[in-house]
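Encoded as structure tokens, the structure appears first; notes follow it.
The values are calculated or read from the model by the stated rules, or taken from the named source; none is laboratory data. Computed from a predicted structure; not experimentally measured. Cβ: placed from backbone, ideal geometry, glycine included. Neighbour counts: every protein chain shown.
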Amino acid sequence: MALRTAVALSLAAALAACSAAPEPSGDSEPKAADVRADPVDRAATAQHEEIGAKARLALLSDGFAYRVAGGTSSEEVGFGIRRETVERIARQQFGEPSERSANAECGAGPMAFSRYGQLTFNFQDGRLTGWFLDGGGDLATADGVKPGTTVFDDIERERGAAMVEGSSLDREFRYAASDGGDIGGFLAADGTVASLYAGANCFFR
């Protein structure tokens, strides 16, 4: 499976071509059938509305990028941003967090977490310091690496992925992300990517 070298977060919305309604004759009102868009126009309009209503998010080595619902441009959010801002953006993508938790004994120091399905944002002192992504969802990195789908051989060939030598964590690897940083992860027994992470995480090495 070839990886995407980059994910374009800007989506091209299909624009409906408006058909001109026929001019009414005399004082009679136009019938509904006279002004209704043809099936092609209606389908294009529906597609445009669906795309515009959904926000998009992709993970980076130093944060994440997202597209605001209804917009076509993307914004990047880096580590260090306040938790309130991250959760506000995440609410647009996923709704309320499925879980909020904390651990005072993480190897990197005390952390708090906001989990949205398969994605967990990590915070220290109220600011974003890392993320962790399990398999089973639709999210991926900005270079197209997706837990549960991507196989290690692909990122080894295309992004220089390598196993972490001497790691006390089973099947840990790292690769050079397309944004210039490093992203880590863990492999399943069959060689597919089981999970990904970046920044500070609550690992015990």
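Points worth noting:
- Pairs meeting the criteria (first residue in the range 156-167 and surrounded by 14 or more Cβ atoms within 10 Å (Cβ to Cβ), second residue modelled with pLDDT under 95, beta carbons under 8 Å, at least 6 apart or on different chains) are GLU158/ALA2; GLU158/LEU3; GLU158/THR5; ARG159/LEU3; ARG159/ASP143; ARG159/SER178; SER167/ARG205.
- Looking only at residues in the range 99-115 that are of a type outside the set (D, E, K, R) and in a strand (DSSP E or B), the one that is farthest from the chain's Cα centre (by Cα) is ASN103.
- Among the candidates GLY160, GLY184, GLY191, GLY166, residue that is closer than 19 Å to PHE113 by Cα and either at pLDDT 95 or above or more than 21 Å from the chain's Cα centre (by Cα) (or both): GLY184
- Just so you know, in the range 114-150 the residues that are without any contact (Cβ under 8 Å) to a residue 60 or more places away in the chain and of a type in the set (Phe, Trp, Tyr) include one that is farthest from LEU196 (Cα to Cα), and it is PHE123.
- Candidate set: the range 181-205, residues that are small (Gly, Ala, Ser) and outside any loop (DSSP other than H, G, I, E, B); chosen: the one farthest from ASP138 (Cα to Cα): GLY199
- In the set (1) part of a loop (DSSP other than H, G, I, E, B); (2) modelled with pLDDT of 95 or more; (3) of a type in the set (Ser, Thr, Tyr), SER178 fails one condition alone, (2).
- Long-range neighbours under 9 Å by Cβ, at least six apart or interchain, first residue modelled with pLDDT of 95 or more within the range 74-88, second among the small types (Gly, Ala, Ser) and surrounded by fewer than 12 Cβ atoms within 10 Å (Cβ to Cβ): ARG82/GLY126; ARG83/GLY126; GLU84/GLY126
- Unique residue being β-branched (Val, Ile, Thr), touching a Leu at 6+ places or on another chain (Cβ under 9 Å) and assigned to a strand (DSSP E or B) when the list is THR129, THR120: THR120
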